[in-house]
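Notes follow once the structure below has been shown.
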Amino acid sequence: MAEAVTTKACDAQFSDRYLAISVYLHDLVYLGGCGLILEGADMQVRAYVTLRDLLGKSRFDWTPPAGATVRDVLAWLAADCPEFGRKLWDDTGKLTGYVQVFVNGRAVQYLDGLDTPVADSDKISLFPPVAGGASE
């Protein structure tokens, strides 16, 4: 059996990825991502890693209007942070791919994209690109 070797370089290389994934899983399991959100609670929008820094905080609570979509949630956030909007959309209004958007743990590209309907019980998670890997 091979021994696992942990080095500072390896830790630094994977720290952002580990943080983003572990925080997301914590939120998913312990903060209601499994459908345990209290009735009448506001929608939770979570921004991770560099997006948290860009937006100034990691959690936003919002009560979406009836018929709201993911596009509305992102527009709401971009209204207060134009730099976030520039990272989100290209000139044609399509997602640039810089921000990965999840609704209740599912990537929007596998749902209805920006037209995915949202409700006040949903959890929206925003992740920047995550890269990493070991080089030999």
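What do you reckon, how do Ser125, Ser58 stack up by accessible area (1.4 Å probe), largest on top?
Values: Ser125 5, Ser58 40 Å².
Heavy-atom accessible area, descending, gives Ser58, Ser125.
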Worksheet entry | Carbon + sulfur, % of accessible area of segment 56-96 - ligands and nucleic acids excluded, 1.4 Å | 50 percent
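How much area per residue is accessible in segment 59-136 when the probe is 1.4 Å and only protein heavy atoms are counted (Å²)? Let's see the in-between values first.
Values: 4360 Å² over 78 residues.
Accessible area per residue, segment 59-136: 56 Å².
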Worksheet item: For the modelled label position 7 Å from the Cα of Asp42 along Cα-to-Cβ, which residues of segment 63-94 have backbone nitrogen atoms closer than 20 Å?
Response: 63-82, 84-85
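Rounded, prolate or oblate, given the Cα gyration tensor of segment 61-114, with a/c below 1.5 counting as rounded?
On the way: a/c = 1.70, a/b = 1.11, b/c = 1.53.
Oblate.
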Discussion item. Spelling out what I want: for every residue of segment 94-108, take phi, set θ = phi - 60°, compute 6.51 cos²θ - 1.76 cosθ + 1.60 (Karplus), and round to whole Hz; glycine and proline get x.
Written reply: 8, 4, 6, x, 5, 10, 8, 10, 10, 10, 6, x, 10, 5, 5
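The values are calculated or read from the model by the stated rules, or taken from the named source; none is laboratory data. Computed from a prediction, not measured in an experiment: that's the story for all the values here. With ideal geometry, Cβ positions are generated from the backbone for all residues, glycine too; neighbour counts draw on all protein chains shown. Only protein heavy atoms, including side chains, enter the accessible area calculation; ligands, DNA and RNA are left aside. Shrake-Rupley method; radii C 1.70, N 1.55, O 1.52, S 1.80 Å.
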